[in-house]
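Everything below concerns the one structure shown next.
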Amino acid sequence: MDDRRQAGPGGPRERAEPSPDVGAPASAGARERAETSPDVGPPAPAGGRERRAAGVALAVLGAAVLAVVAFTTPWRQPPSAADPARDFTAAQLARAAAFDAAIDPPGYLSYALGLLFAGLLVLTPLGARLLGRLRGPWWLRVVAGVLLLTAILQALRWPLGVWYEIRLREWGLSTQDWAAWTGDRLKSIGVGVVLTSIMVLAVVALARKVRRWWIPAAAGAFALTVAASFVYPVLFEPLFNDFRPMPDGPLRSSLLAMADRDGVPVEDVLVADASRRTTALNAYVSGFGATRRIVVYDTLLAAPRPEVELVVAHELGHAAHDDVLSGTLVGALGAAAGAVLLFALSGLARRRAGVASLADPRAAGVLLGLVSLAGVLSGPAQNLVSRHVEARADVHALDLTRAPATFVAMQKRLATANLSDLSPDVVEYVLYASHPTAPERIALARAWARLNGVPEP
């Protein structure tokens, strides 16, 4: 049930986090540069046949992404008309708007800074000049380049992150001390550097050896995305939270019984120690197959049991519709398409960046910048799909519990506790809203009640 301020391994989500970040995984490659190691022969330049083959592959992968999105996204939802003033007082609306205004400056500045840095890496020789100072074997220069560029951007954004964290504390949403906040941020950066280095190393290695580097690069990007989705819950989530099974008792029994009634196999219901960093209420589902689990914030356990059950029913909706699996498939196909697209864009990008070949370790900056820009361009579309998926999970929760009045009460509790944006402007909604707003979800519950002959709350 998370929104843009609650989800993610770092606690309440900074608006800085969705912005272009050179710590994001990347995949690409290209032809050999003359200055590379003498033991590596330059692959032959790409010909028209190869470009046509890459174009066909890109078209097929793009069509596959669109097909999966089209058939797995619930585009039709019960009609609803949101009215924030119907369910929230003037004071609550004013408080939510004031909080949003308080976090806007660091959030937008961090977003713009990441976008500017990515653009400089792609459109200017900045990255090549910085990485050209590195020495050592090519693979060491790649890793060092990823680390250097990430460190530069994060150093520039660090004061904005501090500013954002101060705002969270002023509004009572953060319970972390600065040591814990710094540790979480460094761990998040470290995970990004490791994943990025693996992918860039693989791409540069392929570009140094294989003429049609985009074929194994696309396959590798697909495989790595699937693997990361599968292992993230057991390898990476424990870096940020401690998890324990929900204690035996009426709540655990009712949740497991609800999952059984819903026909959704659940490995476990876990409680995350979120209270050590935030007062926000949240729950989520992650992983699939043997690693799928439902996680409830310990801050949510103080809510009335029917509301907790509704939150978990929403997460069961994600499991029932295999949202993590379909999202992983879309991400994997998109990553593969991105590798091929990098081949199509590499010629122009490397010339603007002053790099003769993406096989040159100095091209790590070009790769990171292109992937960051691709994330910006795809973000609004991802949010659009996510909002429909989240709305379907809400409908699933209502179908399972048939308690729209409790659903409305739960949405009010979440929105007020998390200081959710109750009426975002168009820019915020497009850039950040991966979930419907609380008023939209409440309106959906009322529409569901009318359609199912249940008293409208």
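Taken over region 358-373, the residue count meeting the criterion of being among the hydroxyl-bearing types (Ser, Thr, Tyr) and either surrounded by fewer than 24 Cβ atoms within 10 Å (Cβ to Cβ) or at positive phi (or both) is 0. Can you tell me which condition residue 175 does not meet? The list is (1) loosely packed, with under 15 Cβ neighbours inside 10 Å; (2) more than 30 Å from residue 329 (Cβ to Cβ), and all the others hold. Going through the list (1) loosely packed, with under 15 Cβ neighbours inside 10 Å; (2) more than 30 Å from residue 329 (Cβ to Cβ), residue 175 breaks only (1). Taken over region 196-218, the criterion of being open to solvent by 60 Å² or more (accessible area, probe 1.4 Å), farther than 20 Å from residue 144 by Cα and not in a loop (DSSP other than H, G, I, E, B) is satisfied by 209, 215.
Checking 114, 119, 161 one by one, the residue that is at pLDDT below 95, touching an Asp or Glu at 6+ places or on another chain (Cβ under 7 Å) and either within 30 Å of residue 439 (Cα to Cα) or small (Gly, Ala, Ser) (or both) is 114 and no other. Within region 399-432, restricting attention to residues that are among the hydrophobic types (A, V, I, L, M, F, W, C) and without any contact (Cβ under 8 Å) to a residue 60 or more places away in the chain, the residue that is most open to solvent (accessible area, probe 1.4 Å) is 426.
The residue of region 334-355 that is modelled with the highest pLDDT, among those that are within 10 Å of residue 218 (Cβ to Cβ) and open to solvent by 20 Å² or more (accessible area, probe 1.4 Å), is 335.
Within the set 329, 310, the sole residue that is under 23 Å from residue 56 (Cα atoms), in contact (Cβ under 8 Å) with a residue 40 or more places away in the chain and in a helix (DSSP H, G or I) turns out to be 329. Of the residues 109, 186, 147, 120, only one is in contact with a Leu (Cβ under 8 Å, 6 or more places away or on another chain), open to solvent by 30 Å² or more (accessible area, probe 1.4 Å), part of a helix (DSSP H, G or I) and free of Cβ contacts under 8 Å to residues at least 60 places away in the same chain; which? Exactly one residue qualifies, and that residue is 109.
Specify the residue that is most open to solvent (accessible area, probe 1.4 Å); the eligible residues are those in region 433-457 that are closer than 18 Å to residue 396 by Cβ and β-branched (Val, Ile, Thr). Result: 454. Within the option set 280, 319, 272, being closer than 16 Å to residue 398 by Cα and either acidic (Asp, Glu) or buried (at least 18 other Cβ atoms within 10 Å of the Cβ) (or both) holds for one residue only, 319. Flag set for residue 193, criterion: among the β-branched types (Val, Ile, Thr) and crowded, with 18+ Cβ neighbours inside 10 Å.
The values are calculated or read from the model by the stated rules, or taken from the named source; none is laboratory data. The structure presented is a predicted model; accordingly, all values stated were derived computationally and were not measured. With ideal geometry, Cβ positions are generated from the backbone for all residues, glycine too; neighbour counts draw on all protein chains shown. These accessible areas exclude ligands, DNA and RNA; they are computed on the full protein's heavy atoms, side chains included. Shrake-Rupley method; radii C 1.70, N 1.55, O 1.52, S 1.80 Å.
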